[in-house]
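Undergrad: My structure is below; once you've seen it, I'll send some questions.
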Amino acid sequence: MARIKGRSLWVAAKQLTEKTQHKVSERLVLQSVDLADAASRLGSASPKVRSDGVRPYTPLQVLGCLVVKERVKEHLASLFVEAVGAQEVVKEDAEWRKTIDAARELGGHIEELGKMLERVWKSTDASSIDDSELALDAAADFEADVDGEVKALLAALVLYRRLFGDAETECLSSSTSTLLSPPPSPTPTAKRSKKHARMLLSLRKALGNRVFEDAEEEGLEDARDRVVDLIVDAERRERGASPPS
């Protein structure tokens, strides 16, 4: 009886959403999650998504946080595929804006996640995200959950832009059927070489996250493979440029 009542309330809420001005986060939840999924998600929600750091979230807000995280993951995957040039990506700006607006409504770390998404979406400048936001110190151990997947995608996107973005975009624009390596770069100084090597290692580790294996985003696995080849080529060039010991 309780299950039937709960289903009725959920259906009524969805119908009400179509007639009233609900918050964006509430609309996203009621449009994308059914009752069984909602119960499952709430039961497994981590403490991190149960409050904004100051006040506890309502069950609907907890679901909103989980939906926003999933949408951010999808958007970052699209940006990565687009940046690498593995496949043409059509972004629905209205949907991306919904994600950012919903994150802003929820506040706390979810709002920060939305701001981060907006920065990497609106700007291809690799400096729009700093190292502390990439959590590179933990790159060897990205969590096996949606948070870890989001971090891995963010790190992969930003590091790819820093390491290969400009040159690789020009190369790929001339051929979509072959895998091209970026043109040789000037021999770096020792300090820059070490930083470059660390970024290559961090990018490789980010690409090892399971999100690239699951490949829910079309073209994501192919994009990952292309970048792995670029890393191998870059590491080979760096070894060749290193002075003999």
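Undergrad: Can you flag which of Lys115/Lys151; Lys48/Lys115; Lys91/Lys205 are past 20 Å Cα-Cα? Before the final figure, lay out each step's value.
TA: Working: Lys115/Lys151 14 Å; Lys48/Lys115 18 Å; Lys91/Lys205 27 Å.
Beyond 20 Å: Lys91/Lys205.
Undergrad: Separate question: Please state the equivalent ellipsoid semi-axes for region 32-108: what are the square roots of 5 times the Cα gyration tensor eigenvalues, largest first, in whole Å? Please report the intermediate quantities before stating the final value.
TA: Values: eigenvalues 145, 39, 25 Å².
Result for region 32-108: semi-axes of 27, 14, 11 Å.
Each value in this text was obtained by applying a stated rule to the coordinates, not by laboratory testing. None of these values were measured; they are calculated from a predicted model.
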